[in-house]
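Note sheet for the following structure.
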Amino acid sequence: MLELLIGFVVIFAGFWIYCSVREHLLSTLLSLEFMVLGVFIFLMLSFCSGFYYYSLFYLIMTACEGALGLSVLIMMGRTHGGDYFKSLSFLFSS
């Protein structure tokens, strides 16, 4: 029961940070990774030992998601000079 509570608290904390901090793309990506970590903790602590194979697949997919987010962050920094969400309005103006 405690592991379910820990998982939900980590997921909720990541969601709270995601909703409250909207200025930088990096802080948004970090909060999404925090939520992914919370889901992983929740799944690892709540299920039986047969889940270990699927947890490896889950970690592979989240690593790909993190790499994709960092590549978007790098491309946004190169093209717009920063990771501010305020500069995203230039993307849709032309």
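The values are calculated or read from the model by the stated rules, or taken from the named source; none is laboratory data. Predicted model, so just to flag it, every value in this text is computed and none were measured. Virtual Cβ from ideal backbone geometry, glycine too; neighbours counted across all protein chains shown.
Residues being over 20 Å from residue 64 (Cα atoms) and either touching a residue at least 60 places away in the same chain (Cβ under 8 Å) or touching a Cys at 6+ places or on another chain (Cβ under 9 Å) (or both): count how many of those fall in the stretch 1-50.
Qualifying residue count, the stretch 1-50: 3.
Are any of the residues in the stretch 15-27 within 27 Å of residue 84 (Cβ to Cβ), assigned to a helix (DSSP H, G or I) and charged (D, E, K, R)?
No, that holds for no residue.
Being at pLDDT 85 or above, surrounded by 11 or more Cβ atoms within 10 Å (Cβ to Cβ) and not acidic (Asp, Glu), is that true of even one residue in the stretch 78-88?
No, the stretch 78-88 contains no residue that is at pLDDT 85 or above, surrounded by 11 or more Cβ atoms within 10 Å (Cβ to Cβ) and not acidic (Asp, Glu).
For (1) touching a helix residue (DSSP H, G or I) at 6+ places or on another chain (Cβ under 7 Å); (2) crowded, with 16+ Cβ neighbours inside 10 Å; (3) of a type in the set (Phe, Trp, Tyr); (4) closer than 19 Å to residue 3 by Cα, each residue gets a yes or a no:
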| site | (1), (2), (3), (4) |
| --- | --- |
| 23 | yes, no, no, no |
| 47 | no, no, yes, yes |
| 55 | yes, no, no, yes |
| 65 | no, no, no, no |
